[in-house]
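Working notes, beginning with the structure itself.
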Amino acid sequence: MILASGPWAALQLQSAMTVAASLAALVGYGVALLQSEHTARLLRWTLIGGWVAHGLALVLDGAGIGAPQPGARFGFAPALSTTLWLVLAVYAIESRFVPLPGVHRALAVLGLTAVVATLFFPGEMRPNVDGAWMPLHWVLGIASYGLFGAAVLHAALLSRAERQMRERRGAPEAPVGMPVLRLEKLTFRFVAAGFAVLSAALLLGIAYADPWRWNHKTIFSVLAWAVFAALLAGRRAFGWRGRRATRWVYAGAALLLLAYVGSRFVMEVLLGRTVA
């Protein structure tokens, strides 16, 4: 199927409610981007406001509420946007208990980028769903994206903390506001949770896909699964940590990103078509 020609044509396919919620999310993220760490309370509330509006826009557009054509809409930008929304949810919860300085600006930029991308590249409206279990397969796939996105966020914080600690010749407390060992433990918890959810998504896909195809999406997903499996096995057997572990996290996340978001980006944006 050929997508709507041009980003402005894509805007016309979305409901006024979706566009309004997206604009509210842009305002919230934009204000959070301009805030400093000294206004922590205001910063947190503006990010939360943008996050709530962002989630509302995803629901409205994903369900096709108010859109000219009924059905479920999905594509590379909504998938990436949902992933970042889940990462922001983790940040919103975690920041209530431990300070995470320096993270909000990057998350605000990512949130802004995701909302704009979803406005201009909303994906394909799909009135029919292939099988009763496929929606659960999609949900589990996106949930694994979010969990691995949170793992990447914590791995990046861990890398920065270890680098700064080496420059300061060691300190029991990480510069991000929590002990390094706790940050490392959180990183691997997100990896383990994401691995479990990804495994369930792949099993559902294998069991209920008709027919099963070894395409680019499947190959990259299985490769990502293998990388995370090796990381967890290496952690358990050899105590992998530090830069070695974070590099495996980044590699697995990159492969998983290529599995769906990357292939959809090429087809929808570069070639102007959708893929199954």
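A short reminder: the numbers here are calculations on the coordinates, not readings from a lab. Keep in mind it's a predicted model, so treat the numbers as computed, not measured. Using ideal geometry, Cβ is built from the backbone for each residue, glycine included, and neighbour counts are taken over all protein chains shown.
Couple of notes before you dig in:
- Backbone geometry of the stretch 182-197 corresponds, through the Karplus equation with coefficients 6.51, -1.76 and 1.60 at θ = phi - 60°, to 3J(HN,Hα) couplings of 5, 4, 5, 5, 5, 4, 6, 5, 5, 4, 5, 5, x, 5, 5, 5 Hz, x marking Gly and Pro.
- Stretch gain in nm, segment residue 247-residue 93, where the contour uses 0.36 nm per residue and the Cα spacing is subtracted: 52.9 nm
- By the equivalent-ellipsoid construction on the alpha carbon gyration tensor, the stretch 185-246 comes out with semi-axes of 27, 12, 8 Å, ordered largest to smallest.
- In this structure, residue 42 and residue 63 have a Cβ-Cβ separation that, at R0 = 30 Å, corresponds to a calculated FRET efficiency of about 0.40.
- Once the C-beta distance of residue 165 and residue 139 is scaled by a Förster radius of 35 Å, the resulting FRET efficiency is 0.35 to the nearest 0.05.
- One decimal place: the segment residue 233-residue 219 gains 2.9 nm when fully extended, by the rule 0.36 nm per residue minus the C-alpha distance.
- Sites residue 196 and residue 52 - FRET efficiency at Förster radius 25 Å, r taken between beta-carbons, to 0.05: 0.35
- Calculated from backbone phi, Karplus (6.51, -1.76, 1.60) coupling profile of the stretch 42-57 in Hz, x at Gly/Pro: 5, 4, 5, 6, 5, 5, 5, x, x, 5, 5, 5, 4, x, 5, 4
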